[in-house]
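First comes the structure, then the notes that go with it.
The values are calculated or read from the model by the stated rules, or taken from the named source; none is laboratory data. The structure displayed is predicted, hence computed values, not measured ones. Virtual Cβ from ideal backbone geometry, glycine too; neighbours counted across all protein chains shown. The protein model used for the area step is the full one, side chains on, heavy atoms only, and it has no ligands, DNA or RNA in it. Shrake-Rupley method; radii C 1.70, N 1.55, O 1.52, S 1.80 Å.
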Amino acid sequence: MALPGPAVFEPGSRGSLDEAGAEGREAAALAAAGVALEDEEEDDGRRGLLRWDGFSAWLHCVCVVGFDLELGQAVEVIYPQHSKLTDKEKTNICYLSFPDSNSGCLGDTQFCFRFRQSSGRRVSLHCLLDEFDKDLPVYLKKDPAYFYGYVYFRQVRDKTLKRGYFQKSLVLISKLPYIHFFHTVLKQIAPEYFEKNEPYLEAACNDVDRWPAPVPGKTLHLPIMGLVMKVRIPTCHDKPGTTQMVQLTQQADTHTSIILPTVHEVDLFRCFCPVFLHSQMLWELVLLGEPLVVMAPSPSESSETVLALVNCISPLKYFSDFRPYFTIHDSEFKEYTTRTQAPPSVILGVTNPFFAKTLQHWPHIIRIGDLKPAGEIPKQVKVKKLKNLKTLDSKPGIDFSYVYLLVRQCMCGGQRVVWERYFSLSTVDFRDGSHGVWLAQSPFPAESVCWPVLLLILSIYSPRLLAFSVYLLFLGVYTSYKPYLNRDEEIIKQLQKGIQQKRPSEAQSVILRRYFLELTQSFIIPLERYVASLMPLQKSISPWKSPPQLRQFLPEEFMKTLEKTGPQLTSGIKGDWIGLYRQFLKSPNFDGWFKTRRKEMTQKLEALHLEALCEEVRKKCISTCKCSEYKSILRGLE
């Protein structure tokens, strides 16, 4: 596999471009936005940085992955050239940077993947970034064991190439889970890179190297190839469900090119829409850390859906593993698909039909489709209804809105009216992406009348759509899981009304995100209240004794507190809350959450103990020591 970059990239250098020219480009971009280059405080903070330290604060490296006729996917460029990747990491990046061959992704495609860092790698920590990390919300903190890959993949016809197609991916490798931010960066630089090649990539990396550090809570102006992005990274002190950038946009500088209201959130409504009736049940599955696989037609759908599932329990962190895009070539493929043990606590996003058979023993499976026909399913793959599992839909796992869209595309106006009358479907404009399982209201059983008529019509008008409709037959959520909580019908009605009124998807996402936030907070507040009671009283802290220990977490004692101070105080949803709590206490999410809270409270106890000790020394020194002796004792304590 050919890995070295072009000869013009010299290790440790800023490349062959004129450095003064790059600085001038940044200055011009910032001046156009009405932003000072750097105030004195920022300048002082950057004087101690070495070359590429600014780049390393945001990215580990940038990779270009192409297709070699002999080797397959191959890393063509790694920039900066001194960036370290193990052979195992390079192999994972190669396979994860390209969609599966069955996806049929023509044009430009963006998606995200996550892969495990090699165990033999020497971890180099950026002290300044570690300082910033403690101010981040827990769900945005870096995981030292994983990298994120942000991909911009292009596949277009090119008769000059032996393969007949141009296939290449530009990939940003980072520790930061800022999905929306890095996708926006790629939208700005990738199209130009495919036209101008390495010099353009070199110039873009030089711009990133001059960015200020990703300080939480601070409004950052980030110049990139003549544009300026304005972003704000959330802090742990922000009120959950709000963003300060919304307020800043009202006073936005007219010269700022791009203002990002969020750095990490995905379009929640768009991702949950195909399986929305089961969104509350999916929230339970994610909360409990259940094994979950998302089967989608392309990496874009799979990665966005997996990230939406992980984000739905925010501000609680999802502590198990999750892979927005997973392939059969992944280094953990055998670990996650083995039948010799129960499926691990992980959320996988897959697109290869091979997984329909390999993962059919998993307890929870989501099959989602795409509004655009993705072509025929390979004949050798036969999708079967999962044994010992049931679909939650009364119809066989089908989202009728997708089928309705297909039929409207292949029928003329008169026949469309007949179809609408026969199936009692209201006329809906699907062009804005507003679709959902609740829109279909057929008066006939799907297995007895609808499907024969549907397949007959599709076989006449489009065999390809017929093949695609076979795939649609298996869309839905497959699980034998029985939710602990009753379904909240109010949120369903609220979003249904939004679809009828053609409410923007962004507004629908805000409603859905607030619903998940309130649900998670109602669940976690009783736990926070009980854990706070495990703290010893401050009067028990003595400077003459070791710091007191936290009381032990007793599940049954906690359960008794739910009768008076349970989630019923903040949520109107009925159901078996106690059963949900009992299951949660066995999950990896509780284990990770409680370890984090115990560490925070232990540090608080140690700080209070040190404060009491200092106070006692101060009193003793004032009465017995001179001022100089008192100061030397305090310096020793520090």
key: Charge context of Asn197, other residues only, Cβ under 11 angstrom, K/R +1, D/E -1   = -3
message = Taking the Cα centre as origin and putting +1 on Lys and Arg beta-carbons and -1 on Asp and Glu beta-carbons, what dipole magnitude results for segment 280-356, to the nearest 20 debye?
response = 100
inquiry  = Could you give each residue of segment 342-349 its phi-based ³J(HN,Hα) in whole Hz, using Karplus coefficients 6.51, -1.76, 1.60 with θ = phi - 60°, and x for Gly or Pro?
reply    = 5, x, x, 6, 7, 10, 10, x
task = For Glu76, enumerate residues with amide H under 5 Å from its amide H, sequence gap 5+ or separate chain, H modeled in the peptide plane.
result = Val64, Val65, Gly66
query = Once phi is turned into θ = phi - 60°, what whole-Hz ³J(HN,Hα) does the Karplus curve with 6.51, -1.76 and 1.60 give for every residue of segment 301-316, x standing for Gly and Pro?
reply = 5, 5, 5, 5, 5, 4, 5, 5, 4, 5, 6, 5, 9, 4, x, 6
key: FRET E, pair Gln341, Ser480, Förster distance 22 Å, beta-carbon r, rounded to 0.05   = 0.70
task = Along Cα→Cβ, 7 Å out, is where each label goes; now give me the distance between the ones at Lys159 and Ala507 in nm to one decimal.
result = 4.9
Protein-only accessible surface order, largest first, of Thr570, Thr602 at 1.4 Å = Thr570, Thr602
key: Estimated FRET transfer efficiency (Thr570, Lys187; beta-carbon r; R0 35 Å; 0.05)   = 0.30
